[in-house]
Amino acid sequence: MELLNVSDYIQNIILDIRYYSAYNFVGERIDGYKKPVALLTLEAIKALNNANNDLMGKGYILKIYDAYRPSKSVNHFIRWAKDINDIKNKEIFYPDIDKRDLFSLGYIADKSSHSRGSSVDVTLFDLRSGKEVDMGSPFDYFGQISSPSYRKITIDQYNNRKLLQYFMKKNGFEPLDTEWWHFTLKDEPYPDTYFNFDVE
């Protein structure tokens, strides 16, 4: 098994690997992120490249927030979630959620599809404006507003989500009904394997 560096195969994709930084819901670099790179299976990279090429024809490219995520990173999330006193980034990522409810509401789980190497968190980058597209809520925002079907946002924000979803689905990815940014390759090569090597 080998996961590959997305940037070696998709030259014009943008990376913003949030778990390598402190700008995430935990508020510190996450265990297992040794470099700010995106790793995926070859099958997922090919599908992502096709989606990116399609979007380029519409004036956009993809920006990746996260790709392969080691199991040790998920364990870091779990430890953080159990420490109810650590709320340093609450106002940014979960202002309306009590941290004690993160497990029951499904925002934190003991396993992640990212650890199988074929899930990716992405948004759209507008080539004309040179900015991220407005999706109506930030990446990793815990709340109903992050569902791709949420309608209490502007028409433009909703349509941006649908544009991303259309081209990701067209190229073999399945969306998640709670996160507009999350997609998993439908025919992922390791559907039952959760890897734990570092991102580097």
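Extension gain, LEU4 to GLN144: 0.36 nm times the residue separation minus the Cα-Cα distance gives 47.1 nm.
If you keep only loop residues by DSSP, which trypsin sites (Lys or Arg not before Pro) in region 130-168 have at most 16 other Cβ atoms within 10 Å of their Cβ? Provide the component values of the computation, followed by the final result.
Working: sites: LYS131, ARG151, LYS152, ARG161, LYS162; in loops: ARG151, LYS152.
Here the trypsin sites (Lys or Arg not before Pro) that fit, given the DSSP loop and packing criteria, are ARG151, LYS152.
Take the Cα of THR193, step 7 Å along the line toward its Cβ, and report every residue of region 30-58 whose backbone nitrogen sits under 13 Å from that point. Of the residues in region 30-58, 41-43 have backbone N under 13 Å from the label point off THR193.
Among ALA109, ILE13, GLY32, pick out the residue whose Cα is farthest towards the positive end of the charge dipole of region 1-119, where Lys and Arg carry +1 and Asp and Glu carry -1 on C-beta, about the Cα centre. Result: GLY32.
Take every Cα pair under 8 Å whose residues are at least 6 apart in sequence, average their separation, divide by the length of region 30-188, and the relative contact order is 27 percent. Among 91-98, 45-52, 21-28, sorting by the average number of other beta carbon atoms lying within 10 angstrom of each residue, highest first, gives 45-52, 21-28, 91-98. Of all lysines in the structure, the ones whose alpha carbon falls short of 17 Å from that of LYS170, not counting any fewer than 8 places away in one chain, are LYS46, LYS58, LYS162, LYS186. Heavy atoms of the protein chains alone define the surface here; on that basis the chain has 48 Å² accessible area per residue at 1.4 Å probe size. Leaving out same-chain residues fewer than 8 places away, which aspartates and glutamates sit with a Cα under 19 Å from that of LYS131? Filter leaves ASP16, ASP54, ASP66, ASP121, ASP140, ASP156. For the chain, the share of accessible area belonging to carbon and sulfur comes to 47 percent (1.4 Å probe, ligands and nucleic acids excluded). Look at the dipole of the chain built from charges on Cβ: of ALA44, ILE92, PHE195, the Cα furthest out on the positive end belongs to ILE92. Listed by chain and number, the aspartates and glutamates whose alpha-carbon sits under 13 Å from that of LYS34, ignoring those within fewer than 8 places in the same chain, are ASP198, GLU200. For the chain, the direction-averaged projected area of the alpha-carbon convex hull comes to 10.5 nm².
The values are calculated or read from the model by the stated rules, or taken from the named source; none is laboratory data. Source: prediction; values computed, not measured. When we count neighbours, we look across all protein chains shown, and the Cβ atoms used for this are built from the backbone with ideal geometry, even at glycine. Areas reflect the complete protein model, heavy atoms only, side chains present, ligands, DNA and RNA absent. Shrake-Rupley method; radii C 1.70, N 1.55, O 1.52, S 1.80 Å.
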